[in-house]
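Below is one structure, written out as structure tokens; comments come after it.
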Amino acid sequence: MIAVAVQSTPIDAAVAVAPLTAERSDVGAVVTFTGFVRDDNGLTALTLEHYPAMTECALATIAAQAAARWPLSGGVIVHRVGRMVPGEAIVLVAVASSHRSAAFQAAEFLMDWLKTKAPFWKAEERAGGVTWVAAKASDDTAADRWNDRRGESVFELRPAV
Amino acid sequence: MIELLYFAWVRERIGVDGEILPLPQGIATVSSLLDWLAGRSAGHAAALADRNAIRVAVDQVFAGFDAAVAAGAEVAIFPPVTGG
């Protein structure tokens with residue numbers, strides 16, 4: 001129900017989101033989030049490395065969690081990999097539901113979990129060289145708030161394939 | 001045999017993106033696997049020195065250091081993820 005894609009080509013948000021409402025009249029809300037490369041501190045390019053054998057499965061697991069938690073009529077996750085420059089989209093998440101609350105929450109959940117539970121690594125290029133981005137504790141905190149009462153996380157779950 | 005995959009700065013410090021090695025007897029957990037790997041070269045030692053900065057997946061699923069490993073497994077070793 002939530003489509004996932006990993007691609008080295010630019011993300012076309014309109015193309016990715018169109019299927020969520022095509023030939024449907026029951027969708028009341030679509031929330032779309034797009035993350036872009038910023039030119040912070042002279043950043044000239046960003047390279048996304050990933051673990052191909054695991055990535056789509058990890059995304060499908062995260063998508064299945066969202067679908068189990070909220071009444072969604074559809075969704076899409078598109079993650080870019082490879083080298084990109086400031087202004088280009090890194091990631092797109094879109095979710096459709098009857099009502100906005102579920103769509104907003106599911107989109108935020110998907111982004112929080114994408115940042116902490118999918119095998120991607122960012123390397124930043126600047127004039128001085130290339131450096132790997134360190135994981136942020138604030139991202140872990142954001143992801144942890146979605147853990148259920150048992151404290152269960154996706155780390156203990158087998159992929160939903 | 002065990003298939004090892006390295007990503008991001010773990011890959012850079014070790015110098016290869018992966019290797020297939022015979023799994024020595026007595027190595028049955030991620031933790032003991034990392035201890036053994038760290039002794040293989042200066043690059044392995046540098047990559048694995050700070051275990052707090054290391055994450056692991058066994059057969060494409062995130063795993064803790066106490067997770068079991070056995071011959072035939074695919075073990076990926078990498079820094080904390082930074083996607084999204």
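Within region A:86-106, being within 14 Å of chain B (Cβ to nearest Cβ) and surrounded by fewer than 24 Cβ atoms within 10 Å (Cβ to Cβ) holds for A:Ala89, A:Ile90, A:Val91, A:Leu92.
Applying the selection to region B:44-64, what residues are farther than 24 Å from A:Lys117 by Cβ and open to solvent by less than 20 Å² (accessible area, probe 1.4 Å)? If the condition is that a residue be farther than 24 Å from A:Lys117 by Cβ and open to solvent by less than 20 Å² (accessible area, probe 1.4 Å), then B:His44 is the only one that fits. Of all residues in region A:1-25, those being within 16 Å of the chain's Cα centre (by Cα) and of a type in the set (A, V, I, L, M, F, W, C) number 10. The one condition from (1) open to solvent by less than 20 Å² (accessible area, probe 1.4 Å); (2) in contact (Cβ under 8 Å) with a residue 40 or more places away in the chain; (3) among the hydrophobic types (A, V, I, L, M, F, W, C) that B:Leu5 does not meet is (1). Does A:Arg149 count as at pLDDT below 95, away from chain B (no Cβ under 13 Å) and open to solvent by 50 Å² or more (accessible area, probe 1.4 Å)? Yes.
Residues in region A:13-37 that are touching a strand residue (DSSP E or B) at 6+ places or on another chain (Cβ under 9 Å) and either farther than 18 Å from A:Ala89 by Cα or open to solvent by 80 Å² or more (accessible area, probe 1.4 Å) (or both): A:Pro19, A:Leu20, A:Thr21, A:Arg24, A:Asp26, A:Val27, A:Gly28, A:Ala29, A:Val30, A:Phe33, A:Phe36.
Counting the residues of region A:15-62 that are touching a Phe, Trp or Tyr at 6+ places or on another chain (Cβ under 9 Å) and closer than 16 Å to A:Val78 by Cβ gives 6. Among the hydrophobic types (A, V, I, L, M, F, W, C), under 10 Å from the mean Cα position of the chain (by Cα), modelled with pLDDT of 95 or more and under 22 Å from A:Asp112 (Cβ atoms) - does that describe any residue in region B:74-81? Yes, some residue in region B:74-81 is among the hydrophobic types (A, V, I, L, M, F, W, C), under 10 Å from the mean Cα position of the chain (by Cα), modelled with pLDDT of 95 or more and under 22 Å from A:Asp112 (Cβ atoms).
Could you list all residues from region B:60-72 that are in contact with a helix residue (DSSP H, G or I) (Cβ under 9 Å, 6 or more places away or on another chain) and not β-branched (Val, Ile, Thr)? B:Gln60, B:Phe62, B:Ala63, B:Gly64, B:Phe65, B:Asp66, B:Ala67, B:Ala68, listed by residue number. Pairing residues of region A:129-142 that are farther than 10 Å from B:Pro80 by Cα with residues that are small (Gly, Ala, Ser), at Cβ distances under 6 Å and at least 6 apart in sequence or on separate chains, gives A:Val130/A:Ala123; A:Trp132/A:Ala123; A:Trp132/B:Ala8. Where helices (runs of 4 or more DSSP H) fall wholly inside chain B, the ranges with 1 or more residues that are farther than 27 Å from A:Ile62 by Cα and within 10 Å of chain A (Cβ to nearest Cβ) are B:8-14.
The values are calculated or read from the model by the stated rules, or taken from the named source; none is laboratory data. This one's a predicted model, so the numbers in the text were calculated from it and none came from an experiment. Neighbour counts are summed over all protein chains in view; Cβ atoms, including those assigned to glycine, are modelled from backbone coordinates with ideal geometry. Side chains are part of the model used for accessible areas, which takes the heavy atoms of the whole protein and leaves out ligands, DNA and RNA. Shrake-Rupley method; radii C 1.70, N 1.55, O 1.52, S 1.80 Å.
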